[in-house]
Amino acid sequence: MSEFRVEKDSLGDVKVPADALWGAQTQRAVDNFPISGRPMPPAFIEAVVRVKRAAAQANAKLGLLQDAHRDAILKACDTLLWGEHRDQFPIDVYQTGSGTSTNMNVNEVIARLARMDGDDVHPNDHVNMSQSSNDVIPTAIHVSAVTQAQAVLVPALSHLQGAIYEREAELAETVKTGRTHLMDAMPVTLGQELQTWREQLAAAQKRVEWACDDLLGLPQGGTAVGTGVNAHSQFAERFVAALNDDTGLHFRSLDHKFVGQSAVDAPVNFSAQLRGVAVVLMKIANDLRWMNSGPIHGLAEISLPALQPGSSIMPGKVNPVIPESTAMVAVQVMGLDSTVAMAGQSGNFQLNVMLPLVGANLVDMLQLLSNASRGLADKAIAGFTVNADHLAEAVGRNPVLVTALNPEIGYSRAAEIAKEAYASGRSILDVAEERTDLSRSQLEAILDPLKLTHGGLES
C-alpha cells in the first residue's frame, strides 16, 4: 500500500498521508505552518465540532440538509466528542488568522468519517453549510471559553475556596504579626489572613462568571462578513437552540453579528478577568512563600508540606514548590492575557485576524489556572502546619502593639515607648508599665493581641 493518497481542492492535487482522516486543505495547512508544533487545544476543537453538530441540526430543520446527511454528520461529531481521533487535528496555532485551516480540518474529518460510514457528505457543501470560518471560529472561541470556565475553572476555584475555608475556621484565633511594607504591623489572625484570600478568589470568580455572560452572545450566522449571506434568515436562531440543547448552557444570537466577527471584545474582557484570577493566585502564593520562609532565618510562621528535596547539593533543604509553581502559572497567564489584548487590536474592518491565537490562549489560561488552583488547595493550603509558639513569641515582642496605647497616652509618648522597646529588645508591656501610670492588668487588657485583631474602640 502507498504511504499517501491524492486529494484535490480548488488549487489542485495534494498528497495526504494514506491513513489520515483529513483532506487537501488540512494538508496544505500542515505543510504551510510548521511553526510551533503546537496544534489547537482539544477543548477548542471540541467547540468547533459542537458548532458543526448544531449547524447540521439547524440546517436539517430548515429543510436545507437531507436527514441522512444530518445523521451522518451527527454520528461523526459524536465520535469526535467521545474523544476519538484526537490526532487528526494537527494544524499549528500559528496559521491563517481567520482559523480557516482549523475550520476546514474539522469539516474534512467529519466528512471523511461520514463517508467511511457510507454517506456521501461533502466538507464544504454539507458540513460547512450556512457557515464561514469567519463566524465559526469566533463562535468556537466563545463556546470553548464558556464551557471550560464552567466545567474546569469555576469548580477548581470553588475547591480552593473550600480548602481555605476549612483552615480559616481552624485558625480563627491563631494570632500572628500583621505586616505592611513587609514590616511588622498590628496583629491579625491567620483565619483573617486566609479569609482575605478566600474573598479575593470569590470576587475574582464572580468577575469571570460575569465575563462569561458576554461570551454567551454568538456571531454564528453572520457568515463571511456579518451580513448573513448564504445563511437562512432563521439559521442563527435554530443554531443557538440546538447548541443550547447540546451544552445545557444559554447561548444567544448576537443581533449585530459584525461585532463578534470584526472584534474580539468579549474574549478580551474574559481574558482580563482570567488575569485577575492569576493576580489573586500570585498574592496567595507569595504570602505562603513568605510565611514559610526559613526555617531558621525567615518568618517561619508556617511549614508547608515537604513534597520533594529542595536542592541537589544542600541536604535537607525543602522548598515551597507548589507556591512557586503557582506563581509561574500566574506570570504565564498574565503574559497570555497581554497577547490576547494585543491580538484584539487586529480586528481590521470585518474580521479579526488573530482568532486562533485568542482561542488557544484562552483555553490554555483556563487549564493552567484550574490546575494551579487545585494544586495549591491540595498540596499547600490543606497541609501546612502552624508554628504556633514562634507566632506567639513574635507577637509578644512586637513594639507596634504600642499603637493600642495611642488613645490612652497619645502618639508621641507611645512612639517613645516603641523606640525604647526596639532599642532594648524588651516587650512593650514591660516598658509601658515603667513609663505610664497604667497598671499591668490594664496594659495586658489593652495590649491583648487577640483582642486587637477584632479592632474598634469600645464606647
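Quick notes on this one:
- Selection within region 334-347: residues that are without any contact (Cβ under 8 Å) to a residue 40 or more places away in the chain and either surrounded by 14 or more Cβ atoms within 10 Å (Cβ to Cβ) or not hydrophobic (A, V, I, L, M, F, W, C) (or both). The member of this set that is farthest from Pro219 (Cα to Cα) is Gly335.
- Close pairs from region 151-173: first closer than 30 Å to Pro449 by Cβ, partner aromatic (Phe, Trp, Tyr) and modelled with pLDDT of 95 or more, Cβ under 9 Å, at least 6 apart: Leu160/Trp197; Gln161/Trp197; Ile164/Trp197; Arg167/Phe384; Glu168/Trp197
- Residue in region 17-27 that is loosely packed, with under 13 Cβ neighbours inside 10 Å, touching a residue at least 24 places away in the same chain (Cβ under 8 Å) and not in a helix (DSSP H, G or I) present: no
- Number of positions in region 84-132 that are more than 28 Å from the chain's Cα centre (by Cα) and among the basic types (Lys, Arg): 2
- Checked against the criterion of being among the β-branched types (Val, Ile, Thr), surrounded by 20 or more Cβ atoms within 10 Å (Cβ to Cβ) and part of a helix (DSSP H, G or I), region 371-393 has at least one qualifying residue.
- If you check Asn230, Asn244 for being farther than 20 Å from Gly344 by Cα, polar (S, T, N, Q) and surrounded by 15 or more Cβ atoms within 10 Å (Cβ to Cβ), only one passes: Asn244.
- Condition check for Ala47: among the small types (Gly, Ala, Ser), closer than 21 Å to Leu366 by Cα and assigned by TED's automatic domain parsing to the domain that holds Ala114: yes
- Considering residues of region 427-450 that are surrounded by fewer than 16 Cβ atoms within 10 Å (Cβ to Cβ) and under 49 Å from the mean Cα position of the chain (by Cα) only, the residue nearest to Asn398 (Cα to Cα): Asp448
- Considering Glu46, Glu7, the condition of being of a type in the set (Asp, Glu), in contact with a Leu (Cβ under 9 Å, 6 or more places away or on another chain) and either crowded, with 17+ Cβ neighbours inside 10 Å or not in a strand (DSSP E or B) (or both) is satisfied by Glu46 alone.
- Test: residue in region 355-370 that is surrounded by fewer than 22 Cβ atoms within 10 Å (Cβ to Cβ) and either among the acidic types (Asp, Glu) or not in a helix (DSSP H, G or I) (or both): yes
- Scanning region 213-254 for residues that are without any contact (Cβ under 8 Å) to a residue 60 or more places away in the chain and basic (Lys, Arg) gives a single hit, Arg252.
- Filter result for Ser130 (among the polar types (S, T, N, Q), within 29 Å of Val353 (Cα to Cα) and in a loop (DSSP other than H, G, I, E, B)): yes
- Among the residues making up region 135-156, those that are touching a Ser or Thr at 6+ places or on another chain (Cβ under 7 Å) and buried (at least 24 other Cβ atoms within 10 Å of the Cβ) are Asp135, Ile137, Leu153.
The values are calculated or read from the model by the stated rules, or taken from the named source; none is laboratory data. Just so it is clear, the structure is predicted and the values come from calculations on it, not from any experiment. Positions of Cβ are generated from backbone atoms using ideal geometry, with glycine treated the same way; all protein chains shown enter the neighbour counts.
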